[in-house]
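Here's the structure, in structure tokens; my notes come after.
The values are calculated or read from the model by the stated rules, or taken from the named source; none is laboratory data. Since we're looking at a predicted model, the values are computed, not measured. Here the Cβ is made from the backbone with ideal geometry for all residues, glycine too, and neighbour counts use every protein chain on show. Only protein heavy atoms, including side chains, enter the accessible area calculation; ligands, DNA and RNA are left aside. Shrake-Rupley method; radii C 1.70, N 1.55, O 1.52, S 1.80 Å.
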Amino acid sequence: MKSKNRLQRMLIVTYSYFFIIIALIAVFSLFILNEQILNYFADTAHENDRVLSEAVHNMDRQVNQNHEQVFYKMLLQTLLLFLFLLTIAVYIFGKWTASRLTTPLRSIADGIQDIARGQYNKRLKFKASYELAQIQSDFNIMAEQLERLEKEKERLEESKHRMLVDLSHDLKTPITTIRGYIEAMELGLINEDERRQRILRLISDKAELLSMLIDDIFALSKLDSPQYPFNVQIADIAEFTRQIAAEYYEVFLEKKFIFQFDIPKGEINFPFNYTWLYRAISNILTNALKYNPPGTTVQLKLLTTVKGIEVRIQDDGVGIPQAVIENIFEAFVRGDPSRKSDGGTGLGLAIAKQVIEKHGGNITLTSIGGTSFTIFLPQKVLTSN
């Protein structure tokens, strides 16, 4: 649908009025000239009658010269009046046109220059016809989007920097511990067998943490790559969820947690990636186990909706600070920022978010009197991304 060409109509009407005003000024000037001529000849008629009988032949030439001089004088005055009125009309129409057209165009040009200089916070504010007002609206929307993208870019750069710092810390800490204990053993500072075995187990745990960290970084990089094939297959997601519940039931029981699950009976055939979805859900369950005290109740629910599938993982534990929730799905963000050496990589929820988004779904978090993750998977999922 074409927009209304109000600017064109406005210019046509403006110039029409302008030419009408010029015509009226010309008519008015000619009227004044005509009145001056008529008045002049009326005033001189009586004098001409008196002198006609005295020296008609001697005065004809001089009278004609006087009439011609007076006529040119009147014509010049009329022309000056016409030019004066025309100047006023041009000035008024120029100011009016500038306010309606030139000023908005100047503002648009200045705004484009500001955007080119990276000043994305600039906005246009002027009153104009439909087309220019539409340009103003589109320009402000564009500037707002560019400002948002710039802030997002800055946030990503900051996140990337923080991630590199955290990665360096998380890699350096266990390596430093392993090197320290190995040097102590090489120097013979640890002689007791029991202590040696305990240190070897500690070294083994740190090495396993390094392996987990490297594995999670590799997994996150694969999920971030648009070229990485992410295939889904139709399978029984109810049975899939029952298998996860059975695997974690003993783990929660051993840690003195109360583990509950609510999974529909029968088959629910649904397209999903078994390996990656398993990893996403297990990461959330592992966090619930890691950050909550014994006695916490953890629930795993599978729900079917008109639009797809929901997986809810809830607990009544310590919850997550509100200051952390906003960035909880970013890499190396932990539910408890003070716990930097809890055996986790800080990448579990980032991986979970990427996995769910690869399925075309989303994951949300609420933390009021506990923690609740809701995973939504839409019915229509692409076979590959």
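State, to one decimal in nm, how far the label point of residue 140 lies from the label point of residue 12, with both points 7 Å from Cα in the Cβ direction.
Output for this residue pair reads 3.0 nm.
Quick one: putting +1 on the C-beta of Lys and Arg, -1 on the C-beta of Asp and Glu, what dipole do you get for region 234-302 around its Cα centre, in Debye to the nearest 20? Walk me through the intermediate numbers first.
Details: 7 positive and 7 negative charges, 56 e Å.
Once rounded to the nearest 20, the dipole reads 260 debye.
Where does the charge balance sit around residue 186 when Lys and Arg score +1, Asp and Glu -1, over other residues with C-beta under 14 Å from its C-beta?
Working: positive: 179, 196; negative: 183.
Charge balance near residue 186 sits at +1.
Using only alpha carbon pairs under 8 Å that are at least six residues apart, calculate the relative contact order of region 244-329 and give it in whole percent.
Details: 81 pairs, mean separation 26.2, N = 86.
Here the relative contact order equals 31 percent.
Between residue 92 and residue 151, take the C-beta separation as r, use R0 = 56 Å, and let me know the FRET efficiency to the nearest 0.05. List each step's numbers first, then the result.
Values: r = 46 Å, r/R0 = 0.82.
The value I calculate is 0.75.
In square angstrom, rounded to the nearest 10, how much accessible surface does residue 278 have for a 1.4 Å probe?
60
At residue 117 and residue 231, where each label point lies 7 Å from the Cα along Cα→Cβ, what is the point-to-point distance in nanometres?
Modelled inter-label distance: 5.6 nm.
Fully extended, how many nm does the chain gain between residue 175 and residue 26 (0.36 nm per residue separation, minus their Cα-Cα distance)?
Working: separation 149, 0.36 × 149 = 53.64 nm, distance 9.57 nm.
Full extension from residue 175 to residue 26 adds 44.1 nm.
Hey, can you grab everything whose amide H is under 5 Å from the amide H of residue 259? Only 5+ residues off in sequence or another chain; H modelled, so Pro and N-termini drop out.
298
If amide H atoms are built 1.01 Å from N in the plane of the peptide, which residues on other chains or at least 5 residues away come under 5 Å of the amide H of residue 317?
Counting only residues 5 or more places away or on other chains, the set is 371.
Per residue, how large is the accessible surface of region 219-291? Use a 1.4 angstrom probe and give square angstrom. Can you show the working numbers first?
Numbers: 3900 Å² over 73 residues.
For region 219-291, the per-residue accessible area is 53 Å².
What distance in nm separates the simple spin-label points at residue 256 and residue 239, each placed 7 Å from Cα in the Cβ direction?
So the label points at residue 256 and residue 239 sit 3.8 nm apart.
Express as a percent, rounded to the nearest 5, the fraction of DSSP beta bridges in region 158-311 (both residues included) that run antiparallel. Walk me through the intermediate numbers first.
On the way: 7 of 12 bridges.
Of the beta bridges lying entirely in region 158-311, close to 60 percent run antiparallel.
Mind listing the phi-derived Karplus ³J(HN,Hα) values for region 282-289, rounded to whole Hz, using 6.51, -1.76 and 1.60 with θ = phi - 60°, and x for any glycine or proline?
After applying 6.51 cos²θ - 1.76 cosθ + 1.60, I find 5, 4, 5, 5, 5, 5, 4, 6 Hz.
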